[in-house]
Amino acid sequence: MSFPAPKSFGPKGEAEPQNCFARWPVGSAPAEPMAAILDLLRQGERFLVCSHTRPDGDAVGSMLAMGMLLEQMGKQADLVAADRVPAVYRSLPGAEKIRWVLRVRGIYDAVILLECDSVERSRVRGLEPYFHINIDHHATGRNFGHLNWIDRDAASVGEMVHRLVKAAGATVTPEMARCLYTTVLTDTGGFCYGGIRASTFEFARELAVAGADPVAIARDIYFATPESKLRLLGAALSTLQHEGKLAWLWVTHADMLHARAVEEDCEGIVNYAISIAGVEAAAFLRELPEGRIRLSLRSKGKIDVAALAAGLGGGGHENAAGVTLDGPLERATAEILAALKAGVDGTRD
Ligand SMILES: [Mn+2]
């Protein structure tokens, strides 16, 4: 593949940036990050957009909206992900444009990383040499990029992309509104948790006015469950443990095979544990084929599970976080319960 982009520069210093890109060394966090990013988008020609591994609604929706913005600006945008787009988001407009890749080559003015706390989080290889624009709203967000915009008050990265779209003077089309509405609906668990504030509803309202259909979007996401997911949920619920303010549940790799489940079927199972009255923190553990344990954590707000996950090498939000631990399952369960109990002991009532 060859890319006819004479003004663009690629990896390994093929042509050093002589434009505004040179102004931002790694770690830059200007006072007006959105304006700086817009400046770069206007000056560049070719962009790569990616998000984290196992993309969720915010990752997919904000990538698609970012791609639509760049297209409206007359730019070339390649959307990539290291994992397949989950089935539930494949009907979003433009979802087929997200390419499933392991490695990236080619000429890009910048890589736009959405919702990542590091380049590695994308699990897309070959990104290191490029100019990195980092847009994130996680509590564990870090200034790893050249130009960094982290807004922990945003309910979704999609909300930040929406601000960028408006600042660019671009049009929020009904298709873009649908993608952006998906980001806020899913990142707040259907407007139930996360950093919800009055501005979240203002954001949702603007999207509904722009043509997003809240009922149709909710139906596509919450009422289109694959049978394998329900079978896996049954296995997980049969393991449910509840002790004081903690609840936890798990599935083994054998459970996954028996239910004919795929990775995305695990999404949301932890929410059943946190939904119990009186429970403040919950954990869902999944045994991976190679024996390591994927852990999802939820909190109703008194326990900061992002800090807890970060202490174990993971990350996330104060209310929702994750990490991969060494197995076996019993060992990982003991490790996370000890950490959660210490967290619960630090809370009142
Ligand atoms: Mn998000």
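The values are calculated or read from the model by the stated rules, or taken from the named source; none is laboratory data. Model, not experiment: these values are computed from the prediction. All Cβ positions, even for glycine, are placed from backbone atoms using ideal geometry, and neighbour counts span all protein chains on display.
Within the stretch 29-58, residues that are more than 16 Å from the ligand (Cβ to nearest atom) reach partners that are among the aromatic types (Phe, Trp, Tyr) with beta carbons closer than 7 Å, at six or more positions or on different chains, in the pairs PRO33/TRP149; MET34/TRP149; ILE37/TRP149; LEU40/PHE21; ARG46/PHE3; ARG46/TYR108; PHE47/TYR108; LEU48/TYR108. The residue pairs whose first member lies in the stretch 115-126 and is at negative phi, whose second member is assigned to a loop (DSSP other than H, G, I, E, B) and β-branched (Val, Ile, Thr), and whose beta carbons are closer than 6 Å, counting only pairs six or more residues apart or on different chains, are ASP117/THR140; VAL124/VAL104. Apart from one condition, CYS192 fits all of (1) within 16 Å of the chain's Cα centre (by Cα); (2) without any contact (Cβ under 8 Å) to a residue 60 or more places away in the chain; the exception is (1). Taken together, GLY158, GLY169, GLY141 contain a single residue that is without any contact (Cβ under 8 Å) to a residue 40 or more places away in the chain and within 12 Å of the ligand (Cβ to nearest atom), which is GLY141.
Filtered by the rule that a residue be of a type in the set (Asp, Glu), over 25 Å from GLN43 (Cα atoms) and touching a strand residue (DSSP E or B) at 6+ places or on another chain (Cβ under 8 Å), the stretch 75-107 gives a lone residue, ASP83.
Could you check, for the stretch 101-117, whether at least one of its residues is within 16 Å of the ligand (Cβ to nearest atom), surrounded by fewer than 23 Cβ atoms within 10 Å (Cβ to Cβ) and over 19 Å from GLU263 (Cβ atoms)? Checked against the condition, which is being within 16 Å of the ligand (Cβ to nearest atom), surrounded by fewer than 23 Cβ atoms within 10 Å (Cβ to Cβ) and over 19 Å from GLU263 (Cβ atoms), the stretch 101-117 yields at least one hit. Output the residue which, of all residues in the stretch 40-58 that are acidic (Asp, Glu) and at pLDDT 95 or above, is nearest to the chain's Cα centre (by Cα). Looking at residues that are acidic (Asp, Glu) and at pLDDT 95 or above, I get ASP58. Looking at the stretch 219-323, the strands (runs of 3 or more DSSP E) lying wholly inside it that each contain 1 or more residues that are of a type in the set (S, T, N, Q) and touching a strand residue (DSSP E or B) at 6+ places or on another chain (Cβ under 7 Å) sit at 241-243, 293-299. When the residues of the stretch 182-193 are filtered to those that are surrounded by fewer than 18 Cβ atoms within 10 Å (Cβ to Cβ) and not aromatic (Phe, Trp, Tyr), the one that is nearest to the ligand (Cβ to nearest atom) is GLY189.
Residue-by-condition table, conditions (1) of a type in the set (Gly, Ala, Ser); (2) closer than 17 Å to HIS162 by Cα; (3) crowded, with 18+ Cβ neighbours inside 10 Å:
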{"residue": "ARG46", "(1), (2), (3)": "no, no, yes"}
{"residue": "ARG54", "(1), (2), (3)": "no, no, yes"}
{"residue": "ASP58", "(1), (2), (3)": "no, yes, yes"}
{"residue": "SER91", "(1), (2), (3)": "yes, no, no"}
{"residue": "ILE98", "(1), (2), (3)": "no, no, yes"}
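Scanning the stretch 59-89 for residues that are modelled with pLDDT of 95 or more, away from the ligand (no atom under 16 Å from the Cβ) and either of a type in the set (A, V, I, L, M) or closer than 29 Å to THR324 by Cα (or both) yields MET68, LEU69, LEU70, MET73, ALA77, LEU79, VAL80. Here ASN148, ASN134 are screened, and the one residue that is within 15 Å of the ligand (Cβ to nearest atom), under 23 Å from ALA306 (Cα atoms) and part of a strand (DSSP E or B) is ASN134.
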